[in-house]
Structures are given as C-alpha cells and as structure tokens.
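Colleague: Quick one: this structure, given as structure tokens, is what I'll be asking you about.
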2 protein chains.
Amino acid sequence: MVSMKDLAAACNVSIATVSKALNDQHDVSAKTKEMVRKKAKELGYFPNSAAKALKTNRSHNIGVLFVDEAQSGLTHDFFANVLDSFKRTIELRDYDLTLVNCSKTHSGSMTYLERARYRGLDGVAIACIDFRDPEVIELVDSSIPVVTIDYIFNNRIAVISDNVKGMRDLVTYVYEMGHRKIAYIHGNDTSVTQARISSFYTTCTQLGIEVPEDYIKRADYRDTEGTYHRTMELLDLSDPPTCILYPDDFAGFGGINAIRERGLRVPEDISVAGYDGIRIGRHIEPKLTTIRQDTESIGRQAAENLIKLIEHPRSTIIRPIVVEGELYKGSTVKDINRIAE
Amino acid sequence: MVSMKDLAAACNVSIATVSKALNDQHDVSAKTKEMVRKKAKELGYFPNSAAKALKTNRSHNIGVLFVDEAQSGLTHDFFANVLDSFKRTIELRDYDLTLVNCSKTHSGSMTYLERARYRGLDGVAIACIDFRDPEVIELVDSSIPVVTIDYIFNNRIAVISDNVKGMRDLVTYVYEMGHRKIAYIHGNDTSVTQARISSFYTTCTQLGIEVPEDYIKRADYRDTEGTYHRTMELLDLSDPPTCILYPDDFAGFGGINAIRERGLRVPEDISVAGYDGIRIGRHIEPKLTTIRQDTESIGRQAAENLIKLIEHPRSTIIRPIVVEGELYKGSTVKDINRIAE
DNA sequence: AATTTATTCTAAAACGTTTTCGTTTTTTAG
DNA sequence: CTAAAAAACGAAAACGTTTTAGAATAAATT
C-alpha cells in the first residue's frame, strides 16, 4: 500500500505538500498540484479512511439503524425501498453506508450510541424500530446528527409519510365509490398506526359515516394470519362491512384469502384496500387498491437532510418533512353507486 | 470523548497497560485488568475504531457489493433475504456491515477494490452483479478475502444455490403430475440461468420428454411485462404447453395475468411454476408452485465462510458451497394424470 | 545471599493522515 | 536594486490505538 510518504518521496516534496495538493488547498502551486496528482495515479495511491477519520473526526460514513424483528428488516418492502433510495442518494455525495450492528445477543455489546461513536459515523438514520427503546432515545438525544423515518422527535429532523392525508384519500375514495360500511383492520400500536386510525375516524365523521365499534380490528403489520382471522370475524357480523381496509398490502392478501374461502369474490361481493403500494400489488390480479407511499422521496429526503445537517449544522432547520403518498386505484374497490340507484 | 490516555491517567498506569488490560493480554495482572475495566465503564470509555483499524489493519467491517440495476438491489427479494441472513450472522461475530458505494456517476470515483481498501474492509461479499465487470474481476483477483454468491470463480469461496437440483426437482415434479408439454421461459444470460437451462434439458431428456424449440423463451428476471408477452406467444402456439415454468416467482405473476386474460384458469386449464419461493407466493391464491431457495442458509454460510477466511486464512479450504433449495408444491400445477386414464 | 526466572509494567515508535506555524522563495512596489 | 508583501513549501505535532523491547519488581532456584 503506497502512502503519502511514498508519494512525497517520489515527488521530492514534503508530506504536507502532498496532503494539501490532494485536498486542493490554496497554499500549493498549480504546478505541484498537477505533478502530485499525476504521480499519485501513477503509483496507484489512494487515501486511508481510518487515518483520515482519526485525524478529522469525519468518516464520510453514514449509519442506518433498524431492528429486524421477526422477518422484517431488510426484507420489509417499505423499508427496503426507502433504504435503497437513501443509499443511492448518499452515494452520489460520496458517503458510504453502514448498517449498524443491532444484535443485542452479543456479549460485550455496546449501545447504539456507543456503536455509532465507535465507528465514527457522521450521522445515523433511524427507521423501523421501537422508538421508545431507551437506547434509541439515548442516540436521538446525543450530539450525533440523526434523522428519523416515520417518527417525530422534538428537535430532530424527521421524514414521515403523510399517513393522515393517505388515509383520508383512501377513505374518501372508498366513500365516493358508494361505500358506507367501512371496516378497518389496523396495525399494532405505533405512531404511524395512530395517525392512520385518527385520520380514519376524522374522515368518516366528516363524511357522515358512522363506524360501529366492531368494524375496527387489530392485526400486526404483514401478518396474513392475523388479517385472515379478523376478516373472518368481520364477515361473521350480522351486518358485515362492504369494504375492509388493511394495515398494509401484504396483510391485505391474508384478508383476501379469507374472503375467497367464504366463497365471496373481490371486489364483486366485498371490496378491500391495502396500504403501502408494494410492487407486486400492481402485478397480480385483482390489482390491490392502496396508498402508494413515496419511498423514493422518503429515502432521498432523509439522506439529503441528514447530509445537510452533517455538513452545515447551523444553517439546517429542524423540522419534520412530510412526504405525500398517492392513491392507487387498482381494482379491489367496487363502485356500488349503481346498485343504490 | 474519553480516550485511553484519560483512562490511563485515572488508573495510574501506562497507556500500554490499559490497552493490554482491555484486550485481555497475558502480561498484565488480573487485578489491574479488573481495575482498568471497572474504571473504563465508570468513565464511559469505548475504543475508537479508526485508530484501531489504522494500527492493526483490521476494521471488523465487512463489505457487501451489489449493483442495483433497474429496481433491483435491496428491493430484490432473493438478495434482501440473503443479505438479512448475512447481516445477522456477522453481527453475532461482532462485525459491522457496510454496503460498498458502487455509484459510478461520482466524479473521483474509485474502483470497487480501491474503495474496499480505502475503507479497510476485512472482506467483501459479492452478489447480484455482473460478474464479468472488470472491476469485479479486479476485486476478486485481489488479496482481499472475498466470497461470491451464486457465481463461482476459481480459487475463491462461493456460495451458490443448487439450481441444477432445483430445476431437476421442479421438472420431475411437474412430470409426475402428468405433464409432458413443458415450456420454460428463462431469465437473461447469467451462470444461474445457464445452470437452470442445462438442468432443464438434461432432466427432460432423462424423463424422455421432447422439448420443442418454441417452448423455450427468454425474459428478464422480475420482468412481468416480458413474461406476459412470452406467455401470450406460448398460448398462441398450435400445440401449446400444459405447463409453463418462469424465471422467478415475481415474473411468474406476469404470466398468470396473461393466462387469465385469455380466459384460462390456473391451474385448471394450464399449470405454472416459478422459482425463488418469495414470501408472498405462499400467501396469495393460487399458491405458486416453486423452488424455495434457502436464502437463510446462503446468507449464513457466506458470512461464516468469509469470516473464517478472514480470521484463519490458511486453514480455510476454498471451494464452492452448494445450498439446496426445496420444492414448494403450492397449487399451480395440476395433476392431470386422471385425464390420461 | 546471589543468581536466575517469571511476572508485571512502561517508554516509545508506529500506523497514515491533517494542520499549525514558521521558513523559504518568488513577486511586487518603491 | 532593495524592501516589503505574497506565495509556496516543510517540520513537527497530533489523532487514539497497538506493539516491541526493555525495565522494574517479585518469585524461585541454587
């Protein structure tokens, strides 16, 4: 491995000059800069990030923290898409991405914050996680630049999907298609779920729809088993809904299975809608009606704002960034207006 | 940030002793070790990976290289699952994972090898990529420990899915269900595809099935559009197949759409099968018959062997590790034996 | 008690950078 | 042509570790 020392020797200049030439500092002549750079290429020199990080306290390395509870994590469609976009964005700015080790099984394990400091991460994006975890709080309260995804902390940059608008759009669309008996199987207790539930009720009220208590059920996200059973319960009601909303697209398929098992058809006999807009939803029949979250934008904005915070901490305004989703109409919500005629 | 210097001062010992105590070296007494460790906790000391890496040339950091061409990458189900398992495994051994920057758009961009060296990565896993890329070859030919996934290089550890057995199992199953007219829409030209095609032909020959040339088509992986059109072509044949195999599950749904658009039913009128065993395939009806690749094992074995290579380079035997998949029968291949009776 | 041996510790160099501050060289002004 | 100012360069310290070689202390052997 050729170092600056070797390069300096080959150029007959000092190490300091080499460093400055490579970093395009002002106090070295254009001629020497050129010469050093040429020689660097020639010798195949490239810097050592560890040494650089040690000296500058900047690693050009951004961490991503997420906990892959039960089959989630990287294989979680929403998160994978956000991460993909995030990665693409920071790479353009010449950062690398490290997934911070969140295995708590290891013996001498550090906290998230300790690990971030240990690795000298310039910033951390936090997603898909239990935001009430004390270790997460510790990290968020630290001096390390942080952006949270789909959760808002005070004094921290957050990028969140507009679940309020999303749910409103969805319910409104379903309403416009003539539905008045709308059930909602929501996900487990997170701020995302809370936003959606609250928006669901608000919108229903505004539209003058009454929601019976037993139209509201709970299942975990991506839990097809759960939605299967909750759907059965809904179908068993004396006055069943004409449309069921699910926690997410994936879970929605569990519901569809239940419906079909009862000999009912989607959407002819009962309408359904998911949430997320996963890719496969647009490629299988019937095309699932859903709110397509703009994962590309979420990932990109998280990255851009985190980098801004890292590079210009003072001039970055701290506020939540809300990214709107988009209604994908699909074909699982039937227009039942004619029937009413 | 409290460093070893501070810790040494607080303990009234030298920096060297602190270092050794923390690293559990033999030439420091149990008493001092205990004392140093206690004090370290007290002061909230933890090491600086950059300094450590600089000194030891070991980063405890493993890189993953993959190129996310067109919608693939992280959102690619197969790869995401492999990566997830890979990550979990290395975390248990206290490594971190960095996704190596493969953006070629950046101006002063380095080659993959340069970037790996720059970051001081202890090893690199390579997947989902064009293995003929000169930069990939350069990396593979370097002295950095490398494991390739689903591709075999000479003198390098590789973990590959057993596509030969997988395809054989699949074709044999379809054969046993009575099918003799089997079409295969294969993916684009990669070693994986080659293995599958070759195994397809071999198995057919062994079973005494003749495969007309126009039963073999090509579409890109995960390309529902492509499989849609190829399927239409197959259905237009004067003697259409009774079963169609697809490049992967995702693409298979494109085929199913085409079939249904023709007013045909799966599997009553025509049987289909995918490849991969993506999660959703088991949760929607009809359940797609497929070969479930053991992504958990692939990721884990890649990680374990890479770490072995890093930590014990001499005693690690270099050979391809073949991971078998498993036939998932699903419900998209109809048993047509009775018809023949 | 003197020597050897084993144990525990430390000083100092090194890893590859960046950066401060001082020195030398070149340019400009008078 | 000299003096002052500006530009270009270099010496050396520092970042936080690990490691080598040797020093000091304690224990064991004659």
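The values are calculated or read from the model by the stated rules, or taken from the named source; none is laboratory data. Being a predicted model, the structure only gives us computed values, none of them experimental. Cβ sites come from the backbone with ideal geometry, for glycine too, and all protein chains shown count toward neighbours. Surface accessibility is based on the protein's heavy atoms, side chains included, excluding ligands, DNA and RNA. Shrake-Rupley method; radii C 1.70, N 1.55, O 1.52, S 1.80 Å.
Colleague: Relative to the first principal axis of the alpha-carbon coordinates of chain A, what is the inclination of helix A:30-43, with its axis defined by its Cα atoms, in degrees from 0 to 90 and to the nearest 10?
Modeller: For helix A:30-43, the angle is close to 70 degrees.
Colleague: Find every distance from the label point of B:VAL211 to the corresponding label point in the other copies (7 Å from Cα along Cα→Cβ) and write them in nm, one decimal, shortest first.
Modeller: Reported distances to equivalent positions: 5.4 nm.
Colleague: When all protein chains stay in place, what accessible area (Å², nearest 10, 1.4 Å probe) is found for B:VAL192?
Modeller: Its heavy atoms expose roughly 20 Å² to the probe.
Colleague: Would you mind telling me the antiparallel percentage of the DSSP bridges in chain B, rounded to 5?
Modeller: 10 percent
Colleague: Grab the other residues whose beta carbon is less than 15 angstrom from that of A:VAL36, score K and R as +1, D and E as -1, and report the net.
Modeller: Combined, the nearby Lys, Arg, Asp and Glu give +3.
Colleague: Using the Karplus curve 6.51 cos²θ - 1.76 cosθ + 1.60 with θ = phi - 60°, what ³J(HN,Hα) values do you get for each residue of segment B:318-323, in whole Hz, with x for Gly and Pro?
Modeller: For segment B:318-323, the Karplus curve yields 8, 7, x, 10, 9, 10 Hz.
Colleague: Based on the alpha-carbon gyration tensor of segment A:155-231 and its eigenvalue square roots a ≥ b ≥ c, which shape applies: rounded if a/c is under 1.5, prolate if not and a/b is larger than b/c, or oblate?
Modeller: oblate
Colleague: Which three extents, in angstrom, do the Cα atoms of the protein assembly as shown have along their principal axes, listed largest first?
Modeller: 84, 66, 58
Colleague: I'd like the antiparallel share, as a percent to the nearest 5, of DSSP beta bridges with both residues in the protein assembly as shown.
Modeller: Here the share of antiparallel DSSP bridges comes out near 15 percent.
Colleague: Given a Förster distance of 35 Å, report the FRET efficiency between A:SER198 and A:GLU233 from their Cβ-Cβ distance, rounded to the nearest 0.05.
Modeller: It comes out at approximately 0.95.
Colleague: Same structure again: At 1.4 Å probe size, what's the solvent-accessible area of B:CYS243? Round to the nearest 10 Å².
Modeller: 0 Å²
Colleague: Taking square-rooted eigenvalues a ≥ b ≥ c of the alpha carbon gyration tensor, is segment A:190-341 rounded, prolate or oblate, where a/c under 1.5 means rounded and, failing that, a/b exceeding b/c means prolate?
Modeller: Since a/c reaches 1.5 and a/b is larger than b/c, the shape of segment A:190-341 is classed as prolate.
Colleague: To the nearest 20 Debye, how big is the dipole of segment B:4-47 about its Cα centre, given +1 on the beta carbon of each Lys and Arg and -1 on that of each Asp and Glu?
Modeller: In debye, rounded to 20, segment B:4-47 gives about 80.
Colleague: If you rank A:MET167, A:MET110 by how much accessible surface each has, with a 1.4 Å probe, what is the order from largest down?
Modeller: Descending accessible area places them as A:MET110, A:MET167.
Colleague: Within 9 Å, Cβ to Cβ, of B:ASP276, how many net charges do the neighbouring residues add up to if Lys/Arg are +1 and Asp/Glu are -1?
Modeller: -2
Colleague: Once amide H atoms are built 1.01 Å from N in the peptide plane, which residues 5 or more positions from B:ILE126, or in another chain, come under 5 Å H to H?
Modeller: HN-HN under 5 Å from B:ILE126: B:LEU65, B:VAL147, B:THR148, B:ILE149.
Colleague: How long are the semi-axes of the equivalent ellipsoid of chain B, taking √(5λ) for every eigenvalue λ of the Cα gyration tensor, in whole Å from largest down?
Modeller: Three semi-axes, in Å: 52, 19, 18.
Colleague: Right, here's the next one. For the protein assembly as shown, which whole percent of the accessible surface, found with a 1.4 angstrom probe, sits on carbon and sulfur atoms?
Modeller: Carbon-and-sulfur percentage of accessible area, whole number: 49.
Colleague: Here's a follow-up. Per residue, how big is the convex hull around the C-alpha atoms of segment B:4-47? Give it to me in cubic angstrom, could you?
Modeller: About 57 Å³ per residue, rounded to a whole number.
Colleague: Note down the accessible area of A:TYR328, probe 1.4 Å, to the nearest 10 Å².
Modeller: 60 Å²
Colleague: Shielding of B:264-272 by partners, i.e. mean partner chain Cβ atoms within 10 Å per residue?
Modeller: Mean inter-chain Cβ contacts per residue within 10 Å come to 0.
Colleague: Oh, and also: For the pair B:THR32 and B:VAL322, what calculated FRET efficiency results from E = 1/(1 + (r/R0)^6), where r is the Cβ-Cβ distance and R0 = 51 Å, to the nearest 0.05?
Modeller: Here the calculated transfer efficiency is 0.50.
Colleague: Roughly how many debye, to the nearest 20, is the charge dipole of chain B about its Cα centre, given +1 on each Lys and Arg Cβ, -1 on each Asp and Glu Cβ, and no other charges?
Modeller: Dipole of chain B, to the nearest 20 debye: 1760 debye.
Colleague: Rounded to the nearest 500, what is the 222 nm mean residue ellipticity of the protein assembly as shown from helices alone, with -39500 (n - 2.57) per DSSP H run of 4+ residues and division by all residues?
Modeller: Calculated from helices alone, the mean residue ellipticity at 222 nm is -13000 deg cm²/dmol.
Colleague: Let me ask another. If you take each beta carbon of peptide B:112-118 and count the beta carbons of other chains within 10 angstrom, what is the mean?
Modeller: If you average over the peptide's residues, the count of other-chain Cβ atoms is 3.
Colleague: Now for a separate question. For segment A:237-323, which GluC sites (Glu not before Pro) are both in a DSSP coil and crowded by at most 10 other Cβ atoms within 10 Å?
Modeller: Answer by residue number: A:GLU268.
Colleague: Oh, and also: Roughly how far apart, in whole Å, are the Cα centres of segment A:238-274 and segment A:143-205?
Modeller: 20 Å
Colleague: Ok, one more. Whole-Hz ³J(HN,Hα) for each residue in segment A:172-183, computed from phi via Karplus 6.51 cos²θ - 1.76 cosθ + 1.60 with θ = phi - 60°, x for glycine and proline: what do you get?
Modeller: Rounded to whole hertz, the list is 4, 4, 4, 4, 5, 7, x, 7, 10, 10, 10, 9.
Colleague: What's the local net charge at A:LEU113, with K and R +1, D and E -1, over the other residues with C-beta under 13 Å away?
Modeller: Combined, the nearby Lys, Arg, Asp and Glu give -2.
Colleague: Right, here's the next one. Note the full-extension length gain between B:ASP133 and B:ILE336 as 0.36 nm times their separation in residues minus their Cα-Cα distance, in nm to one decimal.
Modeller: Stretched fully, the B:ASP133-B:ILE336 segment lengthens by 68.5 nm.
Colleague: Moving to a separate point now. Could you list which residues have their amide H under 5 Å from that of B:SER59, counting only those 5 or more apart in sequence or on another chain, with H placed in the peptide plane?
Modeller: Result for B:SER59 returns B:ASP122.
Colleague: R0 = 22 Å: FRET efficiency of A:GLU42 with B:SER103, Cβ-based, nearest 0.05?
Modeller: Efficiency for this residue pair is about 0.30.
Colleague: Let me ask something else about it. Ranked from highest to lowest mean number of other Cβ atoms within 10 Å per residue, what is the order of the peptides A:171-178, A:96-103?
Modeller: The most tightly packed comes first, giving A:96-103, A:171-178.
Colleague: Along Cα→Cβ at 7 Å, what distances in nm separate the A:LYS31 label point from those on the other copies, shortest first?
Modeller: Output for A:LYS31: 6.6 nm, nearest copy listed first.
Colleague: Counting partner chain Cβ atoms within 10 Å of every residue's Cβ in B:53-59, what's the average?
Modeller: 3
Colleague: OK, next. Relative to the other copies, what are the label-point distances for B:GLU233, with labels 7 Å from Cα along the C-beta vector, expressed in nm at one decimal and sorted shortest first?
Modeller: Relative to the other copies, B:GLU233 has label-point distances of 5.1 nm.
Colleague: Turning to a different aspect of this structure: Sort B:ILE129, A:ILE317, A:ILE298 from largest to smallest accessible area, using a 1.4 Å probe on the heavy atoms of the protein chains.
Modeller: Largest to smallest exposure gives the sequence A:ILE317, B:ILE129, A:ILE298.
Colleague: When the solvent-accessible surface of protein heavy atoms is calculated with a 1.4 angstrom probe, in what order do A:LEU327, B:LEU43, A:LEU92 fall, highest first?
Modeller: In descending accessible area the options line up as A:LEU92, B:LEU43, A:LEU327.
Colleague: What's the angle, to the nearest 10 degrees (0 to 90), between helix A:191-207's Cα axis and the longest principal axis of chain A?
Modeller: Compared with the principal axis, the helix lies near 40 degrees.
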